[in-house]
Amino acid sequence: MSFTARLSPARVSAKAAVAFPRWALVVLLVIYIAAGLFGRDPWGSEDAAAFGVMWSMARGDLSAWLLPVLAGEWYAQEGPLAFWVGALFIQLLGDWLGAPLAARMSTVLSFALTTTALWYGTYALARRDAAQPVTFAFGGEAAPRDYGRMLADIAVLLLLGTVGLVLRMHETSAETAALAWTAVALFGIAWSQDRPMAGAWIAGIAIGAAALSRGPWFGAWVLAGGLVALRFTVPTPNRIAALSASAAAAMGVFALWPLATLLAPESARSLYWTAYLGWLERSMALPSLGDLGWVPKNGAWFTWPLWPLVFWAIYAWRHLLPTAHIAVPLALAGALLLALLCTHPVNNGLLVPLVGPLVVLATFGAASLKRSLDDLIDWFAIATFSLFALATWAYFVAWHAGAPRAMATSVRRLIPGFDGGPGVLELLLAGAATLLWLVLIGWRLLRRPPMLWTGPLLGACGLTMLWLLVTTLFLAAVNYNRTYRPLAEQVTHEIRRHVASGAAPTCVRPLRLNAGHRAMFEYFGGVDFGHPARPQDCKLLLQRDSRRSVLDDGLPPGDWRLLWTGSWPARPDEVIRLYRHGGG
């Protein structure tokens with residue numbers, strides 16, 4: 001009897017590599033992305049701002065598509081690709097779904113692209129000889145195809161179980177598109193092991209698309225990581241050609257946009273690119289001590305539970321670090337980490353694209369865990385998500401029953417004046433999600449399944465269940481707290497009341513309104529903030545004033561007369577004021 005000795009730390013039996021049912025994975029993916037997708041307005045500032053750009057494109061001319069505008073100002077940052085996709089969905093589905101939900105379909109597309117690319121990318125890496133588990137002396141180890149499919153399933157499950165990603169994957173932003181194209185680049189690099197030139201071209205096109213989504217600095221970092229990764233996948237005779245093709249494809253794809261802007265008016269093009277180059281200059285900086293401390297502080301919770309598995313993968317596979325299944329995701333993760341540290345200001349959105357390569361590394365870390373650690377992770381997932389689910393139901397009952405009083409008060413303090421709640425369908429969905437979670441726990445405790453994907457499945461199902469509870473039991477309340485729709489309608493009413501009947505439309509000058517505010521006031525209220533390429537003499541001024549700060553209290557020079565002051569009950573510290581210039 002003979003068997004092949006391997007340096008692999010993975011010991012995976014055929015029973016542990018039993019395939020996860022494909023139908024169950026598809027159903028879980030649909031539930032994950034559908035929860036929180038419907039029945040709400042844009043929430044966060046980035047979500048609202050991205051929608052505002054898409055909305056401006058969808059109802060604008062060619063210049064609006066080439067030179068993104070948001071409510072009276074250039075949106076001279078990131079790139080237009082993600083906004084192009086959202087604007088197309090608005091044009092195709094806006095009349096049927098409404099513009100915000102239609103724009104959110106771009107996120108669904110990014111999610112589908114991300115999960116598909118990660119599945120096939122992990123599968124391509126896991127099937128290589130160096131990634132295979134050790135061969136048992138008496139047989140019974142996992143077959144290469146079963147092992148590869150199992151690890152691909154685990155990669156998708158780990159993606160669904162990443163804590164910081166769940167809200168971001170339901171927002172219309174360039175970060176989700178950057179995650180998708182980074183995952184496609186990883187797939188192309190993994191595929192280049194068998195098809196060097198085809199894989200290199202796919203990776204290069206995806207990197208160019210990532211630059212068109214998140215900006216050229218981001219694309220440059222991903223390209224650097226991708227070229228390093230290709231060094232470990234492409235055979236020597238094809239290496240120079242593959243690296244050149246990948247770099248050329250990336251730069252060529254990004255260059256299509258600047259070349260296309262030559263079709264826009266010269267005056268607008270000049271103003272836009274001046275603003276864009278200014279953003280590029282401000283956004284690139286060497287990391288500070290604060291940035292170095294920010295990453296572990298925020299990245300630890302955002303990428304949970306990936307980072308412990310990533311560190312374990314690097315340690316467990318330390319003798320095989322130069323092999324493709326470790327070197328490829330490690331090179332991309334390192335490049336994305338440097339991109340995050342060298343971008344100003346550092347924020348959670350920059351962590352989103354990093355999740356893709358971390359998922360692949362964490363997958364190989366999970367494959368090398370001992371069974372005792374697998375059991376510990378299972379128990380941790382069961383205990384954590386069960387406690388959070390219990391707390392969610394407890395706050396929901398307290399909110400409607402009024403007891404315990406402290407819990408009820410803490411909820412009502414966030415939604416003063418709100419008297420709504422979930423409907424029957426939402427309650428049934430929340431109850432079904434909780435029941436299925438209990439069934440899954442019972443299956444794990446009573447059957448003790450040997451499959452390696454059990455732990456990642458518990459994490460993915462636990463987070464999906466919790467997200468479903470929040471977006472059914474509290475969706476209306478959260479939307480009430482986060483929406484700007486009623487305030488925008490009030491502002492519009494006051495503008496119309498103070499503008500003389502029959503007068504030409506009056507533009508409004510924004511003061512202390514961020515991109516998200518302007519987008520929501522424009523969409524929900526129809527407020528005209530003008531156009532950056534056509535300055536107007538705006539007689540009205542709309543100011544956002546935070547009562548927590550005196551830095552935004554001042555007005556611009558001139559004679560401004562206060563016409564109206566308003567606020568939203570859920571934001572008592574935020575005041576919106578409307579002024580008219582000249583007192584007329």
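Some observations on this one:
- Single condition Trp96 does not satisfy, out of (1) of a type in the set (Phe, Trp, Tyr); (2) buried (at least 24 other Cβ atoms within 10 Å of the Cβ); (3) without any contact (Cβ under 8 Å) to a residue 12 or more places away in the chain: (2)
- In the set Val26, Val53, only one residue is without any contact (Cβ under 8 Å) to a residue 12 or more places away in the chain, under 21 Å from Ala177 (Cα atoms) and in a helix (DSSP H, G or I); that residue is Val26.
- Leading residue by the ranking (most open to solvent (accessible area, probe 1.4 Å)) among those in the range 141-151 that are part of a helix (DSSP H, G or I) and touching a residue at least 60 places away in the same chain (Cβ under 8 Å): Asp146
- Count of residues meeting criterion [crowded, with 18+ Cβ neighbours inside 10 Å and not polar (S, T, N, Q)] in the range 288-328: 19
- Against the test of being open to solvent by 30 Å² or more (accessible area, probe 1.4 Å), at pLDDT 95 or above and either in contact with a helix residue (DSSP H, G or I) (Cβ under 9 Å, 6 or more places away or on another chain) or closer than 27 Å to Ala313 by Cα (or both), the options Thr135, Thr116, Thr107, Thr122 yield a single qualifying residue, Thr116.
- The number of residues in the range 14-71 being within 30 Å of Asp375 (Cβ to Cβ) and touching a Pro at 6+ places or on another chain (Cβ under 7 Å) comes to 2.
Table: residues versus (1) modelled with pLDDT of 85 or more; (2) in a strand (DSSP E or B); (3) in contact with a strand residue (DSSP E or B) (Cβ under 6 Å, 6 or more places away or on another chain); (4) surrounded by 17 or more Cβ atoms within 10 Å (Cβ to Cβ).
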{"site": "Phe521", "(1), (2), (3), (4)": "yes, no, no, yes"}
{"site": "Cys538", "(1), (2), (3), (4)": "no, no, yes, yes"}
{"site": "Ser549", "(1), (2), (3), (4)": "no, no, no, no"}
{"site": "Asp552", "(1), (2), (3), (4)": "no, no, yes, no"}
{"site": "Leu555", "(1), (2), (3), (4)": "no, no, no, no"}
{"site": "Arg561", "(1), (2), (3), (4)": "yes, yes, yes, no"}
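- The condition (being within 30 Å of Ala130 (Cα to Cα), under 22 Å from the mean Cα position of the chain (by Cα) and of a type in the set (A, V, I, L, M, F, W, C)) is satisfied by just one residue among Val18, Val26, Val30, Val85: Val26.
- Of the residues making up the range 70-93, those that are surrounded by fewer than 24 Cβ atoms within 10 Å (Cβ to Cβ), hydrophobic (A, V, I, L, M, F, W, C) and not in a helix (DSSP H, G or I) are Trp74, Ala76.
- The lone exception for Phe232 - which of (1) open to solvent by 10 Å² or more (accessible area, probe 1.4 Å); (2) part of a helix (DSSP H, G or I); (3) over 30 Å from Ala64 (Cα atoms) it fails: (2)
- In the range 213-229, the residue that is farthest from Ser283 (Cα to Cα) out of those that are assigned to a helix (DSSP H, G or I) and open to solvent by less than 10 Å² (accessible area, probe 1.4 Å) is Ala229.
- Flag if Pro510 is outside any helix (DSSP H, G or I) and either basic (Lys, Arg) or without any contact (Cβ under 8 Å) to a residue 40 or more places away in the chain (or both): no
- In the range 369-390, the qualifying residues are those that are touching a residue at least 24 places away in the same chain (Cβ under 8 Å), in a helix (DSSP H, G or I) and over 13 Å from Arg444 (Cβ atoms), and the one that is most open to solvent (accessible area, probe 1.4 Å) is Phe388.
- The residues listed here are Arg59, Arg11; of these, the one that is basic (Lys, Arg), under 24 Å from Ala460 (Cα atoms) and surrounded by fewer than 19 Cβ atoms within 10 Å (Cβ to Cβ) is Arg11.
- Residue tally, condition surrounded by 12 or more Cβ atoms within 10 Å (Cβ to Cβ) and either free of Cβ contacts under 8 Å to residues at least 40 places away in the same chain or polar (S, T, N, Q) (or both), over the range 275-287: 1
- Residues of the range 159-176 satisfying the condition of being assigned to a helix (DSSP H, G or I) and open to solvent by 10 Å² or more (accessible area, probe 1.4 Å): Val166, Leu167, Arg168
- Index of the failed condition, Trp43 passing every other in (1) within 20 Å of Ala174 (Cα to Cα); (2) among the aromatic types (Phe, Trp, Tyr); (3) modelled with pLDDT of 90 or more; (4) not in a helix (DSSP H, G or I): (3)
- Out of Gly455, Gly462, Gly516, sole residue that is at pLDDT below 90, assigned to a helix (DSSP H, G or I) and crowded, with 19+ Cβ neighbours inside 10 Å: Gly516
- Taking the range 315-348 as the range and being assigned to a helix (DSSP H, G or I) and of a type in the set (Ser, Thr, Tyr) as the test, only Tyr315 passes.
- Restricting attention to the range 30-43, the residues being open to solvent by 10 Å² or more (accessible area, probe 1.4 Å) and either of a type in the set (Phe, Trp, Tyr) or under 19 Å from Ala178 (Cβ atoms) (or both) number 3.
- Scanning the range 430-452 for residues that are aliphatic (A, V, I, L, M), open to solvent by less than 80 Å² (accessible area, probe 1.4 Å) and modelled with pLDDT of 95 or more yields a count of 5.
The values are calculated or read from the model by the stated rules, or taken from the named source; none is laboratory data. For clarity, every value in this text was computed on a predicted model and none was experimentally measured. Glycine also receives a Cβ, built like all others from the backbone with ideal geometry; neighbour counts cover every protein chain displayed. Calculation scope for accessible area: heavy atoms of the full protein, side chains included, ligands and nucleic acids excluded. Shrake-Rupley method; radii C 1.70, N 1.55, O 1.52, S 1.80 Å.
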